[in-house]
Amino acid sequence: MLALKITDLKEFMNQLLIGTTFDQFELVEADITTFNRFSIDGKIRQDFFDSDQCSILNQNNISYSSWKETKPYCYSVIRGKRTPLHFKIIFQLPVRQIQNVYKNQTLSFSPEMISGMYLNLQYKNKELLCTTGISLNTFLPDKTPEHQWDTMVKDFFHRHNIIFEEL
């Protein structure tokens, strides 16, 4: 697990809510507190869709809405002159991208053993913390997947000029 403190909040929030930086992620959950508390469960409800759309979701192993689709709702709650009291956003790397992370690598584990790679954002007390996490289908004594995910997140932040302190 990696913990990062974002040092340029304004730029980060622009990339999060207006830019496309985080659009590749799936939204697991969002909880935003302004004048009310707003919660979004990103889990897709397949019974809302017709059978063709469900088939596409299943073929692509999509269980959560993309940040790109849900971002406008979160933006509408957060925008304004006053900053939120608190928010928590949990992103997941899409399952199909987990396989790509380990493509062309010699591994001591199977990528199918990884059920999720997460990026958690939490804003409170005028600070924004990002933590990483990984969920496994089985016990692995090897921490390589976790360390690789931590490195990927730091590289991702560097590529997008997101300034942070490692905690």
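Please identify, among F38, F91, F49, the residue showing maximal mean-square fluctuation in a Gaussian network model of the chain using a 10 angstrom Cα cutoff. Of F38, F91, F49, the most mobile in the Gaussian network model is F49.
List residues of region 1-25, by number, whose backbone nitrogen lies under 11 Å from a label position 7 Å along Cα→C-beta of N100. Answer for this model: 24-25. Per residue, the average separation of C-alpha pairs within less than 8 Å and at least 6 apart gives the chain a relative contact order of 33 percent. Compactness check for region 1-95: Cα Rg over 2.2 N^0.38 Å is 1.19.
Of the peptides 61-74, 129-142, the ranking by mean beta-carbon count within 10 Å, highest at the top, reads 61-74, 129-142. With both labels modelled 7 Å from their Cα along Cα-to-Cβ, the E29 to N125 distance reads 2.1 nm.
Of the cross-linked pairs K10/K124; K43/K103; K43/K68; K103/K154; K5/K43, those separated by over 24 Å at the C-alpha level are K43/K103; K5/K43. For region 20-151, the calculated P(r), taken from all Cα-Cα distances in 10 Å bins from zero up to the bin holding the longest distance, is 11, 36, 32, 18, 3, 0 percent.
Coordinate-derived values only; no laboratory data. Treat the numbers as computed from the prediction; the structure is a model and nothing was measured. Please note: Cβ atoms are built from the backbone with ideal geometry, for glycine as well, and neighbour counts cover all protein chains shown.
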